[in-house]
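The values are calculated or read from the model by the stated rules, or taken from the named source; none is laboratory data. Small disclaimer: the values here were computed from a predicted structure and weren't measured. Neighbour counts are summed over all protein chains in view; Cβ atoms, including those assigned to glycine, are modelled from backbone coordinates with ideal geometry.
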Amino acid sequence: MNNQLKVWITVGAPGSGKTTFVKTLAEMNSQAVRLCPDEFRAKFGTGESDQSVSYPAFKATYEEMEKALSNGKDVIIDATNMYRKTRKGFLKIAKRHNAQTIALVFEVKKETLLERNKKRGEAGGRNVPEDVIDCMLERYQCPGTDEVDKVNMVCYIKS
């Protein structure tokens, strides 16, 4: 199992700490490639929040994931992945390459998300509207071992 490819999939609302965590994970693992659909949105559209280019952004993410795994690299998917449906494509590619799948789950109380989101916006980053965060939290589906090989609760702040 040591030489088995790994695919880490972040799961968490905007502002939960996913990107900060996985950038460090990628720096510590030279074998891993970090892929972020938001960065492809910025490349193809007007910025990371440009939903009009979601299809080409995810298509590019899937293609880069396929290429990295084919080249023997581990992959870190840096996206919200709050619902089974959004994780499905990444897991299908991982399975095709017999990669171990690890969900990195970030569950943070809403107040913390909003505070971090506001700070990110003030610093020139992307500010996700509160109603979008509310909708994501309402529809959230925590991954289980029926879906991925391992579930790691990286951040769990609910109270």
Pick from the stretch 20-57, criterion buried (at least 19 other Cβ atoms within 10 Å of the Cβ) and out of contact with any Lys or Arg (no Cβ under 9 Å at 6 or more places or on another chain), ranking: farthest from VAL105 (Cα to Cα) = ARG41
Does THR101 count as in contact with a strand residue (DSSP E or B) (Cβ under 8 Å, 6 or more places away or on another chain), more than 14 Å from VAL148 (Cα to Cα) and either surrounded by 15 or more Cβ atoms within 10 Å (Cβ to Cβ) or at pLDDT 95 or above (or both)?
-> no
Would you check if GLU64 is among the acidic types (Asp, Glu), surrounded by fewer than 21 Cβ atoms within 10 Å (Cβ to Cβ), modelled with pLDDT of 95 or more and assigned to a helix (DSSP H, G or I)?
-> yes
Look through the stretch 103-159, keep the residues that are assigned to a loop (DSSP other than H, G, I, E, B) and among the basic types (Lys, Arg), and return whichever of them is farthest from GLY12 (Cα to Cα).
-> ARG126
Within the stretch 31-47, restricting attention to residues that are of a type in the set (A, V, I, L, M) and either at pLDDT below 95 or in contact with a Ser or Thr (Cβ under 6 Å, 6 or more places away or on another chain) (or both), which residue is farthest from ILE9 (Cα to Cα)?
-> ALA42
In this structure, does VAL53 turn out to be of a type in the set (A, V, I, L, M, F, W, C), closer than 19 Å to CYS142 by Cβ and in a helix (DSSP H, G or I)?
-> no
Would you be able to tell me the number of residues in the stretch 74-102 that are assigned to a helix (DSSP H, G or I) and aliphatic (A, V, I, L, M)?
-> 3
